[in-house]
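Below is one structure, written out as structure tokens; comments come after it.
The values are calculated or read from the model by the stated rules, or taken from the named source; none is laboratory data. Just so it is clear, the structure is predicted and the values come from calculations on it, not from any experiment. All Cβ positions, glycine included, derive from the backbone under ideal geometry; neighbour counts span all protein chains shown.
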Amino acid sequence: MKIFVIDVETTGLDPKEHGVVEIAFRELFGFNGCSPATVAFVNPGRPIGFEAMGVHHIIETDVSGAPSLDEVVSAWFPPGSLTHAAFAAHNAPFDRSFLPMLADQAAWIDTYRCARHLFPDAPSFANCSLFYFLGFERPIGVTPHEAGFDTFVTAQILAKMLAMRGFDELVELSTKPVVLKKVGFGKHFGQLWTNVPFDYLQWAARQDFDADVKFTVNTEMERRRETRS
């Protein structure tokens, strides 16, 4: 099984309105590191915008003569090359949404969601914050907010995860709801979900919160019911 750690830099957050300006991948070699990054600028077919430039520092002259996303991806991953392969990305749904030609070609591991399961006490689940939380040393000769750098960081995190859990379990955790430790909103912000009043859980269960909050609330309510019975 080949695992390609992939990352995109974009002109914005909505794949319907924005495009890719840079893409990179590295092949993960089990627990023994990863390949050098394969990186390419991409012509997004639309303006980059100053807000996006301020994040990744890719400007119009970098991409004006670059190939399209389809041209880059088809050259890197030609038909039939992904039969025994998988992709990994940090916040994989984001990268996957900008790569529809790869979205259903292989299994995907989301290191962000896996980290929520495996390292619930991490102070942050941002890629670089996890990198240092897990004890890795600052790499030399790379620059943050570049696709090549982000694939390096994600590859190190993924290797550590694979040493803890198998590939199939990481794929499963990538879509499985998380039991959150602390409340992230409202009057009980920052408190442990295990300490909030039961009537607040009942209120939260009726709201249109995301899947993780709903799963946390239902899990905690069930835990308390079982404790009382």
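Return a yes/no flag: does the stretch 28-44 have any residue that is assigned by TED's automatic domain parsing to the domain that holds Cys128, surrounded by 21 or more Cβ atoms within 10 Å (Cβ to Cβ) and under 19 Å from the mean Cα position of the chain (by Cα).
Yes - at least one qualifying residue is present in the stretch 28-44.
For the stretch 103-146, give me each residue that is in a loop (DSSP other than H, G, I, E, B), in contact (Cβ under 8 Å) with a residue 12 or more places away in the chain and more than 25 Å from Lys2 (Cβ to Cβ).
Phe119, Pro120, Asp121, Phe125, Pro144, His145
Is it the case that the stretch 216-227 has a residue that's more than 21 Å from Asp121 (Cα to Cα), at pLDDT below 95, hydroxyl-bearing (Ser, Thr, Tyr) and part of a loop (DSSP other than H, G, I, E, B)?
no
Please find, within the stretch 36-60, the residue that is farthest from Trp76 (Cα to Cα) out of those that are in contact with a Lys or Arg (Cβ under 8 Å, 6 or more places away or on another chain) and of a type outside the set (Gly, Ala, Ser). Spell out the reasoning first.
To start, the set of residues in the stretch 36-60 that are in contact with a Lys or Arg (Cβ under 8 Å, 6 or more places away or on another chain) comprises 36-38.
Those still in the list that are of a type outside the set (Gly, Ala, Ser) too: 36, 38.
On the way: Pro36: 14, Thr38: 9 Å.
Taking the candidates together, the pick is Pro36.
Based on this model, can you work out whether Met161 counts as in a helix (DSSP H, G or I) and assigned by TED's automatic domain parsing to the domain that holds Arg113?
yes
Pull up the stretch 192-215, narrow it to residues that are surrounded by 15 or more Cβ atoms within 10 Å (Cβ to Cβ) and outside any helix (DSSP H, G or I), then point me to the one that is nearest to the chain's Cα centre (by Cα).
Looking only at the stretch 192-215, we keep the residues that are surrounded by 15 or more Cβ atoms within 10 Å (Cβ to Cβ), and these are 193, 196, 200-201, 204, 209, 212-215.
Within this subset, residues satisfying the condition of being outside any helix (DSSP H, G or I) are 196, 209.
On the way: Val196: 29, Phe209: 20 Å.
In this case the residue turns out to be Phe209.
Tally the residues that are of a type in the set (A, V, I, L, M) and over 27 Å from Val63 (Cβ atoms), restricting the search to the stretch 1-33.
Keep residues of the stretch 1-33 that are of a type in the set (A, V, I, L, M), which gives 1, 3, 5-6, 8, 13, 20-21, 23-24, 28.
Remaining after also requiring over 27 Å from Val63 (Cβ atoms): 1, 3, 28.
Qualifying residue count for the region: 3.
Restrict the check to the stretch 199-209 and report whether at least one residue is out of contact with any His (no Cβ under 7 Å at 6 or more places or on another chain) and of a type in the set (Ser, Thr, Tyr).
Taking the stretch 199-209 first, the residues out of contact with any His (no Cβ under 7 Å at 6 or more places or on another chain) are 199, 201-209.
Then drop every residue that is not of a type in the set (Ser, Thr, Tyr), which leaves none.
Within the stretch 199-209, not a single residue is out of contact with any His (no Cβ under 7 Å at 6 or more places or on another chain) and of a type in the set (Ser, Thr, Tyr).
Out of all the residues in the stretch 175-184, is one or more touching a residue at least 12 places away in the same chain (Cβ under 8 Å), of a type in the set (Ser, Thr, Tyr) and part of a loop (DSSP other than H, G, I, E, B)?
yes
If Phe149 satisfies all but one of (1) surrounded by 13 or more Cβ atoms within 10 Å (Cβ to Cβ); (2) modelled with pLDDT of 95 or more, what's the number of the condition it fails?
(2)
If you scan the stretch 158-174, which residues turn out to be surrounded by 13 or more Cβ atoms within 10 Å (Cβ to Cβ) and either among the hydroxyl-bearing types (Ser, Thr, Tyr) or more than 18 Å from Phe94 (Cα to Cα) (or both)? Please lay out each step first, then the result.
Pass one, the stretch 158-174, residues surrounded by 13 or more Cβ atoms within 10 Å (Cβ to Cβ): 158-162, 165, 167, 169-174.
Ala159, Lys160, Met161, Leu162, Arg165, Phe167, Glu169, Ser174 - these are the residues of the stretch 158-174 that are surrounded by 13 or more Cβ atoms within 10 Å (Cβ to Cβ) and either among the hydroxyl-bearing types (Ser, Thr, Tyr) or more than 18 Å from Phe94 (Cα to Cα) (or both).
Looking only at residues in the stretch 45-75 that are charged (D, E, K, R) and closer than 22 Å to Phe4 by Cβ, which one is surrounded by the most Cβ atoms within 10 Å (Cβ to Cβ)?
Among them, the one singled out is Glu71.
Out of curiosity, is Val63 in contact with a Pro (Cβ under 9 Å, 6 or more places away or on another chain) and among the β-branched types (Val, Ile, Thr)?
Numbers: in contact with a Pro (Cβ under 9 Å, 6 or more places away or on another chain): yes; among the β-branched types (Val, Ile, Thr): yes.
Spelling it out, Val63 is indeed in contact with a Pro (Cβ under 9 Å, 6 or more places away or on another chain) and among the β-branched types (Val, Ile, Thr).
So Ser129 fits all but one of (1) assigned by TED's automatic domain parsing to the domain that holds Phe25; (2) surrounded by 15 or more Cβ atoms within 10 Å (Cβ to Cβ); (3) not hydrophobic (A, V, I, L, M, F, W, C); what number is the exception?
Of everything listed in (1) assigned by TED's automatic domain parsing to the domain that holds Phe25; (2) surrounded by 15 or more Cβ atoms within 10 Å (Cβ to Cβ); (3) not hydrophobic (A, V, I, L, M, F, W, C), Ser129 misses just condition (2).
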